[in-house]
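See structure below.
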Amino acid sequence: MKIGSIAQAIVALQRGDVVGMPTETVYGLAGRIDQRSSIEKIFQVKKRPFFDPLIVHVSDIQMAQKLTTIWNPLIEQLTKVFWPGPLTLVLPKSTMVDDLVTSGLQSVGIRMPRHPMALELIRQIQVPLAAPSANQFGRTSPTRCDHVLSEFLDYESVVLDGGESEIGLESTVLAIFPEDKNSEAATQEFMQGRWNLSILRAGMILEKDIRVALKEFDNFKFLPSIEKKMAPGQMKHHYMPSIPLILFEQNDLMEFPSELEVLKLAEQEFDRLPDKIDEVPIKKPKSFHHAERIFLDFDPILAARRFYSQLREASSNKEVDVLYMVINEGHREEIWKALMDRLTKAASLRFRKNRTYWELF
Ligand code: TXA
Ligand code: MG
């Protein structure tokens, strides 16, 4: 890939290629939803399994409405408050959306990104763009243009340079479906219908923000979880840096492992350190000389913005054998939830302090 202009991105999209697109969350690898071959290309270029559905990006509300069979005051309110922005709504899909985009599901994830370049690109091409994060499957998501370039060195197309992503973590994915699944009326007649909401992926828009936005509504409830088959793509491991990341969960702020202790634990558990997780290769350390600690910013907004870049930078240092992070009680607050989800999935091993020693769990 190389850096290009919006005009060049349009040409690439017109001929059925996929392009790198900046968004406020992370960079996406975008393709037109009206061309099956472009959608196939997204999966191929990313080496993404077909069971993992794509999010469709729009530049205006009319475009979003055409993708789904329901639109009601509750959805209207959510889009009014949070769009453009890092909220993906999973809604029943219309026939405009190819099964390949949704991995055969009858629902589709829709989002209006806030980055001006993404909005301009979609506005000009006048077709919604499906876009997963622009990284090889299972890997750390890109938050800068050069991250995208390094993920797809051999693929000939363009990426738009939109600077550093403002949010830095993927959007909150919120599913909305009628409480009574068999009720046709529920989907047709909003006022009579009751709705279930469920956050399928944590992001920087929190459940409490959604509740505030919907304070005038009393016809919905949040479900903590839904059937697994309705929420594919929730792999146990994901976002992984190319060298192993070890996570330490402290109970007491005074307890954190020294670099030496980390190296000793890593060596001791070497056999458990994977060279592949869920088909994603991890460089198994050849020596245990240097463990690099990744520090999270105290401010959750800044911590989220920087996290993926930090992972990339630290794991590209040839001197480093393993990475480690220390998290504590304070990180249990809801504002840290998305980041904790990502770093737990990115970690190869997790330790917790048990009286006097670090225990694997
Ligand atoms: O912030 C974001 O959402 C970024 C930017 C590029 O917009 N995109 C992104 O896409 O994170 P991706 O492909 O890495 O993650 C999409 C995830 C899927 O893995 C799945 O968990 C969920 O969104 N998803 C998409 N469509 C769905 C559907 N119809 N039903 C349930 N979950 C869905
Ligand atoms: Mg992704």
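The values are calculated or read from the model by the stated rules, or taken from the named source; none is laboratory data. Here the structure is a predicted model, which means the values were calculated and not measured. Reconstructed Cβ throughout: ideal geometry from the backbone, glycine too, with neighbour counts over all protein chains shown. Ligands, DNA and RNA are excluded from the accessible area calculation, which covers all protein heavy atoms including side chains. Shrake-Rupley method; radii C 1.70, N 1.55, O 1.52, S 1.80 Å.
Estimated from the Cβ-Cβ distance and a Förster radius of 41 angstrom, the FRET efficiency linking residue 120 and residue 283 is about 0.60. As a rough guide to protection, the peptides 284-292, 145-153, 18-26 ranked by mean Cβ packing within 10 Å, highest first, stand as 18-26, 145-153, 284-292.
Taking amide hydrogens as placed 1.01 Å from N in the peptide plane, the amide H of residue 201 sits under 5 Å from those of 173, each at least 5 positions away in sequence or on another chain.
Per-residue ellipticity at 222 nm computed for the chain from its helices equals -8000 deg cm²/dmol, with DSSP H segments shorter than 4 residues left out and the rest contributing -39,500 (n - 2.57). The candidates 240, 340, arranged from most to least accessible area with a 1.4 Å probe in the full protein assembly, appear as 340, 240. Summary of the geometry: region 284-361 and region 23-37, compared by the centres of their Cα atoms, lie 29 Å apart. Along region 8-14 the Karplus relation, 6.51 cos²θ - 1.76 cosθ + 1.60 evaluated at θ = phi - 60°, assigns HN-Hα couplings of 5, 5, 5, 4, 4, 5, 4 Hz to successive residues, with x for each Gly and Pro.
Shape verdict for region 104-172, please, from the Cα gyration tensor: rounded (a/c under 1.5), prolate (a/b greater than b/c) or oblate. Because its axes are fairly even, with a/c under 1.5, region 104-172 counts as rounded.
For residue 350, nonlocal amide neighbours, meaning residues 5 or more places apart or on other chains whose placed amide H falls under 5 Å from its own, are 247, 361.
The H on the amide N of residue 3, modeled in the peptide plane, is under 5 Å from the matching H of 159, each at least 5 residues off or on a different chain. Residue-wise HN-Hα couplings along region 116-123, as the Karplus relation 6.51 cos²θ - 1.76 cosθ + 1.60 with θ = phi - 60° gives them from phi, are x, 5, 5, 4, 5, 4, 5, 4 Hz; Gly and Pro carry x. 3J(HN,Hα) along region 322-333, derived from phi through the Karplus expression 6.51 cos²θ - 1.76 cosθ + 1.60 where θ = phi - 60°, amounts to 9, 10, 9, 9, 10, 10, 9, 3, x, 6, 7, 5 Hz, with x in place of Gly and Pro. With the simple model of a label 7 Å out from the Cα in the direction of the Cβ, residue 164 to residue 146 spans 1.2 nm.
The residues of region 105-225 expose, per residue, 44 Å² of accessible area to a 1.4 Å probe.
Determine the shape class of the chain: with a ≥ b ≥ c the square roots of the Cα gyration tensor eigenvalues, call it rounded for a/c under 1.5, and otherwise prolate if a/b is greater than b/c, oblate otherwise. Taking the square roots of the gyration eigenvalues as a ≥ b ≥ c, the chain is oblate. In this label model, residue 353 and residue 318 are separated by 3.8 nm, measuring between points 7 Å along each Cα→Cβ vector.
Note on region 191-221 and region 83-137: Cα centroid distance 20 Å, given to the nearest whole angstrom. Taking all Cα pairs closer than 8 Å and separated by 6 or more residues, the relative contact order of region 210-283 comes to 35 percent. Using a cutoff of 8 angstrom between alpha carbon atoms and counting only pairs six or more residues apart, the relative contact order for the chain works out to 19 percent. Against the main long axis of the alpha-carbon atoms of the chain, helix 259-268 sits at an angle near 80°. Relative contact order of region 53-111: 50 percent, from C-alpha pairs under 8 Å at least 6 residues apart in sequence. Taking 0.36 nm per residue of separation and subtracting the current Cα-Cα distance, fully stretching the chain between residue 94 and residue 334 would add 83.1 nm.
By how many degrees, 0 to 90 and rounded to 10, does the Cα axis of helix 337-346 deviate from the longest principal axis of the chain? That works out to roughly 60 degrees. Lysine pair count for region 190-329 with Cα-Cα distance under 22 Å and sequence separation of 8 or more or different chains is 17. For region 229-361, a/c is less than 1.5, where a ≥ b ≥ c are the root eigenvalues of the C-alpha gyration tensor. That puts it in the rounded class. In region 34-70, which residues have a backbone nitrogen under 18 Å from the label point lying 7 Å from residue 217's Cα in the Cα-to-Cβ direction? Within reach of a label on residue 217, which here means backbone N under 18 Å from a point 7 Å along Cα→Cβ, region 34-70 contributes 61-62, 64-70. Taking every DSSP beta bridge that has both ends in the chain, the antiparallel portion is near 50%.
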